[in-house]
Every structure is written in structure tokens, then in C-alpha cells.
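A short write-up of the structure that comes next.
The values are calculated or read from the model by the stated rules, or taken from the named source; none is laboratory data. What you see is a predicted model; the values in this text were computed from it and never measured. Ideal geometry is used to build each Cβ from the backbone, glycine not excepted, and the neighbour counts take in all protein chains shown.
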Amino acid sequence: MPKKKEEAICPKPDDCVDSKDMPSLMEMAKNLASDGSKIVSNALKGNQTLASDAVREYRWSVCQTCPMLENNRCVKCGCFMKVKVAFSSSACPMDKWN
Ligand code: SF4
């Protein structure tokens, strides 16, 4: 029997963010391209690409108290926040940190 679409995407629904709450795939692709472009641009300019431990920890602490965080992903941008907070050029889509 073929799997339902949701089962194919998320075999353990309790561990996954409800896809209807996330930005569209196109929006997430744009966000990823934009973030990737900033990281590369920073690197080409010789700037620090990774955030310091203190900055990373601060950002993550803010995200952990934010209602937009679902299973370590930001519902606003669709990013995996443990990864996003590590890059110096990253910014919160709601301006809670930059
Ligand atoms: S990036 Fe901003 S909006 Fe998203 S979870 Fe973190 S603090 Fe909330």
C-alpha cells in the first residue's frame, strides 16, 4: 500500500514540525540561498564566517524561548536553528537577534 504524502516526508510525525506551519519550499530555498550567499560573501571578504561561542549560545538561548521554535526549527524561516546560529552573518527573521 502506498504511503500517504505526510508519512513519506515525516515517518515519525511527533518528531517533525507540521509542514503547514513552515514557509513554502520556495521560500525556504530563497532563505537558504540568501544565507549561503551572505556566508560566502563574508568568507570572500576575509571576515569571520562562524560566530563566537558566546554569540552562538546567546542566539540559541533566545530561540529556545521563542514561540516560533518547533523541534529546533524556526517556523518563520524554516531554518534548523542549531546550524543557523553558528554563522556570523545569520539574522533572526523577527529581529530578536543578529
Ligand atoms: S530565529 Fe528568531 S523567530 Fe526564529 S526561533 Fe529564533 S528567535 Fe524565534
Residues in segment 53-74: is at least one away from the ligand (no atom under 15 Å from the Cβ), at pLDDT below 95 and of a type in the set (D, E, K, R)? no
Starting from residues that are surrounded by fewer than 17 Cβ atoms within 10 Å (Cβ to Cβ) and aliphatic (A, V, I, L, M), keep the ones in segment 58-85 and report whichever is nearest to residue 44 (Cα to Cα). 83
Counting only residues that are more than 16 Å from residue 28 (Cβ to Cβ) and near the ligand (Cβ under 9 Å from one of its atoms), segment 75-90 contains a total of 1
Filter segment 87-98 down to the residues that are without any contact (Cβ under 8 Å) to a residue 40 or more places away in the chain and surrounded by 17 or more Cβ atoms within 10 Å (Cβ to Cβ) and list them by number. 92
When residue 43 is evaluated against the numbered criteria (1) hydrophobic (A, V, I, L, M, F, W, C); (2) within 16 Å of the ligand (Cβ to nearest atom); (3) at pLDDT below 95, which criterion, by number, is the only one it fails? (2)
